[in-house]
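Below is one structure; the comments refer to it alone.
The values are calculated or read from the model by the stated rules, or taken from the named source; none is laboratory data. Please read these numbers as outputs of a predicted model, since none were measured by experiment. Positions of Cβ are generated from backbone atoms using ideal geometry, with glycine treated the same way; all protein chains shown enter the neighbour counts. In case anyone asks, the SASA skips ligands and DNA or RNA and just uses the protein heavy atoms, side chains included. Shrake-Rupley method; radii C 1.70, N 1.55, O 1.52, S 1.80 Å.
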Amino acid sequence: IYVNGDFHGVFVWRGSKPAADYLIDKKNKLHYLVQASGKNPSTWLGYTASDWTFSYAKKPDTKSLQRLVSYIADCQSGKASLADFESYANKQSWLDYLLFIELAASQDSMINNLFLESWDGGNIWHVMAYDMDETFGIVWGYTPAQVQPDVLGWITNYNAAWTMLREFFADDLAARWKYLRDNNVISSDTLDKTIRRLTGTISTDDFASDL
C-alpha cells in the first residue's frame, strides 16, 4: 500500500463476505450463511447463540443450526452416531474441508473462521473456509520451530469434535486424499503454482520493505 507515494506495508484485506462468493441468493429465505465466530472451546459441545453470526437469511430459523450443533455434541457424548451424519450435513463438503485445514495447517478454522451454509433452510449443512490468515506455518504467538509439521501434528487434534470426525471417517478421508493426489489436485506443483498466482503480483522489493 502506497499513500501519497509513501510505502505503508504489504497487507491482506479482510473482505466483506459477499453473498455471491458463497453462492448465496440473498432473496432466497432458504439460503443460510452463518459464521462460527465466538472462539468458544465448547462450540461443538452444545449450541450457544453467541458462538454464531448469521449473515443470511436476515431472519433465519436458528433451530436448524441448533439441530446440527446438538447432533455433533451428542455424537461426542455417545448419545448419537456419526453413521447418521448425512441426515444433517453434506459429508463430502465436510471431508474436503477437513483435508483442507490439515493441508493448510489451519488451527483457527474449527471453532472460528469457518462458514456453515445451507441451501435448503438448514436441513443439510455445508462448510467453507473464511479468514485464512493463520495457515501454512503462520500461527498466532508461535515461533518458527513450533509450527513445523512434525511439531504441530494433526491439526484436528486441537478440537475434539474434529478429531472425532477424522477418526470416524478415516477410510473415506484416505480414499478422497488418494483421489486428489492421483489427479494432481493436491501436489507440490499445484501448491507452488497456487501460491505464486496469489502472491506473484506483489514485488519482492515490497516484501523486503515490509520486513
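Each principal axis of the Cα cloud of the stretch 90-169 was taken in turn, and the coordinate range along them, longest first, works out to 45, 26, 17 Å.
Estimated at the nearest 10 Å², the accessible area of Ser87 is 60 Å² with a 1.4 Å probe. Value of Rg to Rh for the stretch 1-85, rounded to two decimals, is 1.17; Kirkwood radius and Rg both from alpha-carbon coordinates. Measuring with a 1.4 angstrom probe and ignoring ligands and nucleic acids, Val12 comes out at about 140 Å² accessible. Counting heavy atoms of the protein chains alone, Leu99 has an accessible area of about 20 Å² for a 1.4 Å probe.
Spread over its residues, the convex hull of the C-alpha atoms of the chain is 159 Å³ per residue.
Counting only other residues whose beta carbon sits under 13 Å from that of Asp61, what net charge do I get with K and R as +1, D and E as -1?
Overall, the nearby charge balance is +4.
Put simply, the convex hull of the Cα atoms in the stretch 156-211 casts, on average, a shadow of 6.0 nm². Which entries of Lys27/Lys79; Lys58/Lys193; Lys63/Lys178; Lys39/Lys63; Lys29/Lys91; Lys17/Lys63 show an alpha-carbon separation above 28 angstrom in the structure shown? Correct reply: Lys27/Lys79; Lys58/Lys193; Lys63/Lys178.
With a 1.4 Å probe and all protein chains kept in place, how do Trp119, Trp162 rank by accessible area, largest first? Mind showing how you got there, number by number?
Values: Trp119 85, Trp162 5 Å².
In descending accessible area the options line up as Trp119, Trp162.
Taking 18 Å as the cut-off, the amide N atoms of the stretch 1-36 that come nearer than this to a point 7 Å along the Cα-to-beta-carbon line of Ser203 belong to 1-11.
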